[in-house]
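The next block holds one structure in the form of structure tokens; read it before the comments.
The values are calculated or read from the model by the stated rules, or taken from the named source; none is laboratory data. Every value quoted in this text rests on a predicted model; they were computed, and no experiment measured them. Cβ coordinates were reconstructed from backbone atoms using ideal geometry, including for glycine residues, and neighbour counts include every protein chain displayed. Just the protein is used for accessible areas: all its heavy atoms, side chains included, with ligands, DNA and RNA removed. Shrake-Rupley method; radii C 1.70, N 1.55, O 1.52, S 1.80 Å.
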Amino acid sequence: VRAWFDTKQSNVDLFEPIHVMGDMEGDLIREWVGDLKTGIDIGCGHNKTIPGAVGVDKAGAGEMGVAGGRKFDASTADIKADASDLPMEDGSQDYIVARHLFEHLMDPIPVLKEWKRVLKPGGKLILACPNSDVMNTIILDWTHLHAYTPKSLGSLLESSGFKVEREHVLHPGISFVMEAVN
């Protein structure tokens with residue numbers, strides 16, 4: 001981890017910027033959200049996946065990120081809040097997007113309860129996670145507290161009262177996107 005941290009601190013970027021290599025995951029999420037109007041992007045960090053969504057992050061606008069691969073980028077969140085305590089009315093959101101956030105949560109159950117609370121009946125929850133079927137990302141990023149596969153995340157969502165509608169494993173399989181309905 002130290003070697004990676006030193007590389008990141010030296011401003012040497014070993015990966016193509018997302019605008020150069022494309023954003024297949026984001027494109028799929030935007031397609032699944034479609035024309036839904038009211039939504040939140042939880043853990044949006046420096047860049048919301050859905051431009052019209054309300055960005056929610058633990059780091060407020062202008063603050064440096066606190067976790068994940070973008071912890072060195074300034075947040076563009078509209079609201080500073082924890083994923084388990086959202087300042088939204090009950091049943092007020094058409095969708096929630098949480099992209100590469102879920103694996104960072106200490107206890108996902110209260111978070112799912114909170115997300116059910118703010119979603120409208122029939123509202124969409126769209127999650128993107130690293131695929132533990134392919135790679136153990138916990139050893140690559142110490143802020144990953146859980147490892148999910150499409151099957152394990154689907155089971156967790158179903159047991160929390162969501163209905164999994166679809167999932168897609170992105171090539172080469174290191175991440176997946178899942179849509180569940182409230």
Discussion item. When you check Asp94 against the structure, is it part of a strand (DSSP E or B) and open to solvent by 20 Å² or more (accessible area, probe 1.4 Å), yes or no?
Written reply: yes
Discussion item. Kindly evaluate Lys124 against the criterion of being assigned to a strand (DSSP E or B), within 15 Å of Gly39 (Cβ to Cβ), touching a residue at least 60 places away in the same chain (Cβ under 8 Å) and open to solvent by 50 Å² or more (accessible area, probe 1.4 Å).
Written reply: no
Item to complete: Could you please give the count of residues in the stretch 144-168 that are of a type outside the set (D, E, K, R), in contact with a strand residue (DSSP E or B) (Cβ under 7 Å, 6 or more places away or on another chain) and open to solvent by 70 Å² or more (accessible area, probe 1.4 Å)?
Response: 1
Item to complete: Taking only the stretch 53-79 into account, find how many residues are at pLDDT below 95 and in a strand (DSSP E or B).
Response: 3
Practice prompt. Take the stretch 127-165 and flag every residue that is in contact (Cβ under 8 Å) with a residue 60 or more places away in the chain and in a strand (DSSP E or B).
Written response: Ala128
Practice prompt. Say whether the condition of being within 21 Å of Lys120 (Cα to Cα) and at pLDDT 85 or above is met by at least one residue in the stretch 15-30.
Written response: yes
Discussion item. Looking at (1) open to solvent by less than 10 Å² (accessible area, probe 1.4 Å); (2) within 23 Å of Ala147 (Cβ to Cβ); (3) not in a strand (DSSP E or B), which one does Pro110 not meet, given that it meets all the others?
Written reply: (1)
